[in-house]
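Worksheet: the structure to be examined is printed underneath.
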Ligand SMILES: Cc1ncc(COP(=O)(O)O)c(C=O)c1O
């Protein structure tokens, strides 16, 4: 019998396991969101996020999941007579293209096969047409466990297309993977907190460049809930446009403090070590879905080369150990499975999980 009050330990690629000390932060007495106390919480959290993301530009806290910022990037920063290039390499990058079109934006796709990266050369070829005002990138494609070469792409873009806006979905990458927002020259980057921040779902974080904000001021019909101009106006008072998810911001404040105490380089290194650990196991027992060079340090998508009954193994481990990992996403279900290694877990947690999978597969 499953019991939502005694849920399994999560190794799915989000939401991930949340430690008790973080959960405790969510249960603090609430604050009035227009009062001095909230302003202090907001300003300290934003200041820390600026350090986490290496930016001096704008940070917005959105009481939504990250999908809201998919929509926000289009509504604020792409005008109706412009065309955005959406790079697609898996389920989530594909969805962003749908979001662009469902918001009435003209969007072309640059599609590669699932498991393949999007390269600077492919983007260069498309942008050389001069047709595009913006490009979307997914830093870490959670369906395939692939990390795109976003640093190389950004170098190319800064050199050859400095006027094209860059929107980056870092939902399963932020905190787990290096991210120097200002140096990369990005315009919008975002994540939801249920991934490497290791907080329950309910809040999204966006960094927005000053030029993206200026652009937003010129775009009509930005909508109400995700209007960057309103976010910026309220940020001046250390507030959000609507009532924010204050318990989550308290937990985010706590997590940012921990991240900065650890040091971002160390946080990225810890994720790299966890990624390497799982990849060594995956290559010995199965294979990696992506070429290793592009395999993510926050989750591993394992190619099911032994044709194991993935759902049965997940079920058995849940029943015996109250722990779950992820089946493959969408069309990759059963052909692959996914193990998340992000947030507040360590090699011992992973050793335990991999040992249990070994017991099941014999
Ligand atoms: C890469 C990526 N982008 C976007 C999303 C959507 O995020 P949310 O569910 O927080 O809206 C996810 C969710 O897993 C994701 O992995």
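Points to keep in mind about this one:
- Which listed residue, of 292, 273, 284, 236, is surrounded by fewer than 20 Cβ atoms within 10 Å (Cβ to Cβ), closer than 25 Å to residue 151 by Cβ and without any contact (Cβ under 8 Å) to a residue 60 or more places away in the chain: 292
- Any hit, the range 168-181, residues being in a loop (DSSP other than H, G, I, E, B), touching a helix residue (DSSP H, G or I) at 6+ places or on another chain (Cβ under 6 Å) and more than 15 Å from the ligand (Cβ to nearest atom): yes
- So residue 69, is it more than 15 Å from the ligand (Cβ to nearest atom) and crowded, with 20+ Cβ neighbours inside 10 Å: no
- Of all the criteria given as (1) within 12 Å of the ligand (Cβ to nearest atom); (2) farther than 18 Å from residue 145 by Cβ; (3) out of contact with any helix residue (DSSP H, G or I) (no Cβ under 8 Å at 6 or more places or on another chain); (4) not in a loop (DSSP other than H, G, I, E, B), the one not satisfied by residue 191 is (2).
- Single match in 205, 308 (criterion: under 30 Å from residue 57 (Cβ atoms) and either buried (at least 21 other Cβ atoms within 10 Å of the Cβ) or in contact with a helix residue (DSSP H, G or I) (Cβ under 8 Å, 6 or more places away or on another chain) (or both)): 205
- Flag if residue 185 is surrounded by fewer than 24 Cβ atoms within 10 Å (Cβ to Cβ) and without any contact (Cβ under 8 Å) to a residue 12 or more places away in the chain: no
- Boolean, residue 3 is assigned to a helix (DSSP H, G or I) and either away from the ligand (no atom under 16 Å from the Cβ) or surrounded by 21 or more Cβ atoms within 10 Å (Cβ to Cβ) (or both): no
- Among the candidates 253, 248, residue that is outside any strand (DSSP E or B), within 16 Å of the ligand (Cβ to nearest atom) and under 19 Å from the mean Cα position of the chain (by Cα): 248
- Filtering the range 212-229 to residues that are assigned to a helix (DSSP H, G or I) and surrounded by fewer than 18 Cβ atoms within 10 Å (Cβ to Cβ) leaves 214, 217, 218, 229.
Listed here are the residues, each with its yes/no results for (1) in contact with a strand residue (DSSP E or B) (Cβ under 8 Å, 6 or more places away or on another chain); (2) within 16 Å of the ligand (Cβ to nearest atom).
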{"position": "35", "(1), (2)": "no, no"}
{"position": "49", "(1), (2)": "yes, no"}
{"position": "60", "(1), (2)": "yes, yes"}
{"position": "100", "(1), (2)": "yes, yes"}
{"position": "105", "(1), (2)": "yes, no"}
{"position": "117", "(1), (2)": "yes, yes"}
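- Flag if residue 122 is surrounded by fewer than 23 Cβ atoms within 10 Å (Cβ to Cβ), away from the ligand (no atom under 16 Å from the Cβ), touching a residue at least 12 places away in the same chain (Cβ under 8 Å) and closer than 25 Å to residue 271 by Cβ: no
Read-outs: derived from the displayed coordinates by stated rules, not from any lab. Fair warning: this is a prediction, and the values are worked out from it, not measured in the lab. Every residue, glycine as well, gets a Cβ built from its backbone with ideal geometry; the counts of neighbours run over all protein chains shown.
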